[in-house]
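Down below is the structure, laid out as structure tokens.
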Amino acid sequence: MEVDDDNSPSTSAAVPDGETTVPTANSTPVQPPAVPPAVVPPTIAPLPAVVPPIAPIPAVRPPVFKPPVPQNGEVKAVDSDSDHEDDGRATAGEYEISEESRLVRERQEKAMQELLMKRRAAALAVPTNDMAVRIRLRRLGEPITLFGEREMERRERLRMIMAKLDSEGQLEKLMKAHEEEEAAISAKAEDIEEDIEYPFYTEGPKELLDARIDIAKYSIVKAAARLQRARRKRDDPDEDMDAEIDWALRQAGNLVLDCSEIGDDRPLSGCSFSRDGKLLATCSLSGFAKLWSMPRVSKVSALKGHTERATDVTFSPVHDLLATASADRTAKLWSSDGSLLKTFGGHLDRLARIAFHPSGKYLGTTSFDKTWRLWDIDTGMELLLQEGHSRSVYGIAFHQDGSLVASCGLDALARVWDLRTGRSILALEGHVKPVLGASFSPNGYHLATGGEDNTCRIWDLRKKKSLYIIPAHSNLISQVKFEPQEGYYLVTSSYDMTAKVWSGRDFKPVKSLPGHEAKVTASDISADGRYIVTVSHDRTIKLWTAGNIEQENDMDWTEG
């Protein structure tokens, strides 16, 4: 009998007697169908006598029921913890914590302790003053500061130390330190009440005291005369202030270039008119100062004595004397005939501007050593070394009464000092860049300053604030000067190669004085207000004068 092999099931297999089939873990435990014994036809060769034995299947524990397998036959991955779930149950009596779990638990406990410590520290009262924090640390026996430690870090360290002491139960030590601190503070307060504190000052020589007394006497007379003149102008019906100011401004508005002269081989740095207006002094970076006759600007003499560039020159308001400042750290006093009288040495760096006291007895100098100094003209003695600026001092100006002096410098600050007491009575803040020039108005209560922020500020000394901010130039302002008689107008010189005239009433522009080909370093106004002189790095002296106002008025009257 023949058997069709194609019709035989592919999954059937001959199983020797005595063997049983075991379902796999992934199959459903279903009883396999009975297979009929195979019939071997006589025409087919007999099967081998020995059938290779099937490898024995290891003993398998009873199956564990798990979630059903997905329809597509893929087995869903499970976590390793669930794989060993039964092993854990089986060995519950032998449960052990791994090293990793122990470390995690320790970290959690440590974090909890730190959290509790921070909560405890946040509830403690810690001083906010840094000095009190240092004292508390010292009383607790801890370093008062660590390398690179800032104030807030130091306070936080004290907070944590106090919290640690609190958690360790050392409250007695903490309270004792607190009581000692309170006792020390109260004792110090009692000492302060008992002791009489005097303001700090540096005792000066007897000559300075004599100078202060002399300045006080001089300023009282000058101030009284100024106030009397102001009252007379106010009360006199014949006095028309507005008409006077208008006339002065018209004269300033008619300023024209009268003369231009080469002043030196090097750039010019300063200029000044003599008290009678007959002489003009200039100085330059060559170190020379020169005297010129007015009004034709003819050279009279040259003053040679400085070893470095000259930075400023000024005439005495009462004598035929002039002074020069230089980068050689000295100031020199000269006679009008060109002879050297005195040398003032003492500054530690180069000098900037200088000015005479209105009495003519004292000379003020500024320097890049951050100080300005007051000198006695007669003896050549340094009366006062005044600090107060955090950077170099550049400009200086005396009040016409002689009681006050203004200094300004590269710290963008202008200070007003009382020469009678030595006190700094005003610190004028407003400029955002170095202040290079200052000038008191003859009215006694206006001060003008100019600097590198291209602005000129007008300060009211009575109100202690800035009244006007004049955007005067397109470059830094090198010097400012009020008209010396009544202060009817103000002149500013600038590195934008121009000088400008401004009204002293409302500080509006009156006249621009162009003509220089380089930055204008200094300017001055004659005592009678007829001339304005400017000097520049183009090495020229330019003299400006007003047109003949009276002649114009006569012509207008005739035409009318």
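The values are calculated or read from the model by the stated rules, or taken from the named source; none is laboratory data. On a predicted model such as this, the values are computed, not experimentally measured, just so you know. Note: ideal-geometry Cβ built from the backbone for every residue, glycine included; neighbour counts use all protein chains shown. Heavy atoms of the whole protein, side chains included, go into the accessibility calculation; ligands, DNA and RNA do not. Shrake-Rupley method; radii C 1.70, N 1.55, O 1.52, S 1.80 Å.
Which ³J(HN,Hα) values in Hz, rounded to whole numbers, follow from the phi angles of the stretch 221-228 under the Karplus curve 6.51 cos²θ - 1.76 cosθ + 1.60, where θ = phi - 60° and Gly and Pro get x?
Values per residue, Gly and Pro as x: 5, 5, 5, 4, 5, 5, 5, 5 Hz.
Keeping all protein chains in place and using 1.4 angstrom, which order do Phe356, Phe288 fall into by accessible surface area, from largest down?
Correct descending sequence by accessible area is Phe288, Phe356.
Distance cut-off 29 Å, Cα to Cα: go down the list Lys206/Lys342; Lys217/Lys463; Lys233/Lys290 and report the pairs above it.
Lys233/Lys290
Magnitude of the Cβ-charge dipole of the stretch 132-174, K/R +1 and D/E -1, about the Cα centre, nearest 20 debye?
Dipole magnitude for the stretch 132-174 comes out near 180 debye.
What are the principal axis extents of the Cα atoms in the stretch 421-560, in Å, biggest first?
56, 36, 27
Could you work out Rg/(2.2 N^0.38 Å) for the stretch 321-450, with Rg from alpha carbons only?
Against the empirical 2.2 N^0.38 Å value, I get 1.00 for the stretch 321-450.
Tyr468 to Thr145: FRET efficiency via 1/(1 + (r/R0)^6), r the Cβ-Cβ distance, R0 41 Å, to the nearest 0.05?
0.25
On the full set of protein chains, 1.4 Å probe, figure out the accessible area of Asp276 and give it in Å² to the nearest 10.
90 Å²
Let me understand the stretch 132-174 better: what is its radius of gyration from the alpha carbons, and its Dmax, in angstrom?
Looking at the stretch 132-174, its Cα Rg and Dmax stand at 10.4, 31 Å.
For the stretch 327-437, with only Lys/Arg (+1) and Asp/Glu (-1) charged at the beta-carbon, what is the dipole magnitude about the Cα centre, in debye rounded to 20?
Using only the charged Cβ atoms, the result is roughly 160 debye.
Work out how much length Asp276 to Gln485 would gain on full extension: take 0.36 nm times their residue separation and subtract the Cα-Cα distance, in nm to one decimal.
73.9 nm
Could you state how much accessible area Lys278 has, in square angstrom rounded to the nearest 10, with a 1.4 Å probe and all protein chains kept in place?
Per-residue accessible area (Lys278): approximately 130 Å².
Within the stretch 527-547, which residues have the backbone N less than 15 Å from the label spot 7 Å out from Arg250 along Cα→beta-carbon, could you tell me?
Under cut-off, by backbone N: 546-547.
Roll a 1.4 Å probe over the protein heavy atoms and report the accessible area of Arg391 in Å², nearest 10.
My reading of the accessible area for Arg391 is about 120 Å².
What does a probe at Glu203 reach in the stretch 393-430, counting residues whose amide N is under 20 Å from the point 7 Å along Cα→Cβ?
421-423
5 Å is the cut-off here: which amide hydrogens, built 1.01 Å from N in the peptide plane, fall below it relative to Arg350, excluding neighbours closer than 5 in sequence?
Residues meeting the amide H criterion: Phe368.
Please arrange Glu382, Glu182 by accessible surface area, largest first, computed with a 1.4 Å probe and ligands excluded.
Most to least solvent-accessible, the answer reads Glu182, Glu382.
Calculate I(q)/I(0) for the stretch 206-550 by the Debye formula, one identical point scatterer on each C-alpha and no solvent, and give its log10 at q = 0.06 Å⁻¹ to two decimals.
The calculated log intensity ratios at q = 0.06 Å⁻¹ are -0.19.
Given labels modelled 7 Å from the Cα in the Cβ direction, how far is it in nm from Met112 to Thr343?
Taking the simple label geometry, Met112 and Thr343 are separated by 8.5 nm.
Given 20 °C and 1.002 mPa s, compute D for the stretch 281-346 with the Stokes-Einstein relation, Rh being the Kirkwood radius over Cα pairs; round to the nearest whole µm²/s.
182 µm²/s
For the stretch 132-174, report the accessible area per residue in Å² (1.4 Å probe, heavy atoms, rounded to an integer).
Here the per-residue accessible area is 65 Å².
HN-Hα J couplings of the stretch 132-149 from phi, Karplus 6.51/-1.76/1.60, θ = phi - 60°, integer Hz, Gly and Pro as x?
5, 4, 5, 5, 4, 5, 5, 5, 7, x, 10, x, 6, 7, 10, 4, x, 7
Between Glu153 and His319, what is 0.36 nm times their sequence separation minus the Cα-Cα distance? Round to one decimal in nm.
That works out to 53.4 nm of additional length.
Any idea what the dipole of the stretch 206-550 comes to, in debye rounded to 20, about its Cα centre with Lys/Arg Cβ at +1 and Asp/Glu Cβ at -1?
520 debye
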